[in-house]
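Novice: Just dropping this structure here.
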Amino acid sequence: MSDEGHSQPKKDSFAALRFKDFRIYLAQRFFFTFGYQMQTAALGYYIYDITHSKLALAWIGLSEAIPAIGLALYGGYIADKYEKRKMLLLIFSGVFISSLVMFIATLKSMGGYIHTGWILPILYGMIFCNGVARAFFGPAIFTVYANSIPREIYPNASTWSSTSWQIASILGPLAGGFIYAFGGGITGNFVVILIFMLVTLVLVLTLRKYPAVFVPKESIWKSLSEGINFVFKTKMMVGAMTLDLFSVFFGGSVALLPVFALDILHVGAQGFGVMKMASSLGAALTMVVMVRYSPLNKPWRNLLIAVTGFGLCIIGFGLSRSFLLTVLFLFGQGAFDSISVIIRGTLVQLLTPDHMRGRVSAVNSMFIGSSNEIGDVESGVMANWLGTVPAVLLGGSITMLIVIITYFKTKSLLPLGVSDIHTVEVTEEKPATA
């Protein structure tokens, strides 16, 4: 599995990085995330700038969430059944083509060759295609990650993986905001995005092949139900997924950042870039600390504390009228969210059998992978109905209520350490939900 061997010191903070395939995994995930996050930020600002419609922001999330959720289970089935490197090449090629179409469309629109009434349907259509790609990406990359390192260093690898993602999430929106602000506009953004997608494709070519570990002997529906049943009989796993789904659904505020930047704080594209960066910066710095100081000594207790902090920062963000204070609340939101990401990622990896990783990842992506997009839809619709600030405050308050309910439903999990989680691996008890 590794060109450097399997034996790693228990306290080695760089244990996961000593494995070649894991380093390649990190690099391709970094470049893809950079480009994808840059594209998401730039499109959100561009669409709101030309429409000044909060509902237009909601349709961005909806366009991606529909295929990502609708095809997630099938994507997990395919990921278990087929070779992973080939899957990733097809997925990244599809995203590259979608970005190229959007680049050409925005370029032609600026030149007057495409009527302005057509630009939004084209953009939403390509975002829909990206959602299709995401349905297959999550399960495939989940399996590559799990097989690139030994099981005993999953906690260390989860921290590095999350840190890589967060750093890319900092640099992508920041670069997008500043390119947009200093003359590059949406087309300048797409030039950089396309370059990063090409780099991702090259890196995937250097991965070794990951053949199927699951050959289905039953129907696809029976195979998929096996993965679903496993998740919903695993108390800690379904509890973590449900907590994340509802907290992000009601507490998500990222989709409304263009509204805060343009209409409330009046900080323009540069301020928008800084605001997009702040949450990811808080997450990345916290994850660097977590490499050394793991939050997994009492994972369930720490998960509830992290989501509580997340909800409080959302409320503070909605109340703030100071740009600096807003940035600080967004920083805190990212910091608390990163702790929960590390805990959830490690729990799912440790609890999932190898032959079921694709299907379990598909269920996970339905709860977590698309919760941001669903939250974007909720935020846009509620902001249109109630106003931007009331929508954010309501979402943060509901997040706090969800934490309180979850606490009382899952008290038995609070004292467990990461070494104890297999005692709750599969239980016939009713899963904890928010």
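Novice: So, in the range 139-150, how many residues would count as being of a type in the set (A, V, I, L, M) and surrounded by fewer than 24 Cβ atoms within 10 Å (Cβ to Cβ)?
Specialist: 2
Novice: Only one of 72, 79, 56 is under 17 Å from the mean Cα position of the chain (by Cα) and hydrophobic (A, V, I, L, M, F, W, C). Can you tell me which?
Specialist: So the residue among 72, 79, 56 that is under 17 Å from the mean Cα position of the chain (by Cα) and hydrophobic (A, V, I, L, M, F, W, C) is 72.
Novice: Among the helices (runs of 4 or more DSSP H) confined wholly to the range 71-155, which include 2 or more residues that are over 30 Å from residue 185 (Cα atoms), touching a Gly at 6+ places or on another chain (Cβ under 6 Å) and in contact (Cβ under 8 Å) with a residue 60 or more places away in the chain?
Specialist: Output list reads 72-81, 116-147.
Novice: Identify all residues within the range 197-210 that are buried (at least 21 other Cβ atoms within 10 Å of the Cβ) and farther than 25 Å from residue 147 by Cβ; write none if there are none.
Specialist: Once the filter is applied, which keeps residues that are buried (at least 21 other Cβ atoms within 10 Å of the Cβ) and farther than 25 Å from residue 147 by Cβ, the range 197-210 yields nothing.
Novice: Tell me which of these residue 136 doesn't satisfy, since it passes every other one: (1) under 30 Å from residue 327 (Cβ atoms); (2) among the aromatic types (Phe, Trp, Tyr); (3) crowded, with 21+ Cβ neighbours inside 10 Å.
Specialist: (1)
Novice: Would you be able to tell me the number of residues in the range 243-263 that are modelled with pLDDT of 80 or more, of a type outside the set (A, V, I, L, M, F, W, C) and over 14 Å from residue 277 (Cα atoms)?
Specialist: Number satisfying all stated conditions: 1.
The values are calculated or read from the model by the stated rules, or taken from the named source; none is laboratory data. If you're wondering where the values come from, they're calculated on a predicted model, not measured in any experiment. Cβ atoms come from the backbone with ideal geometry, glycine included; neighbour counts cover every protein chain shown.
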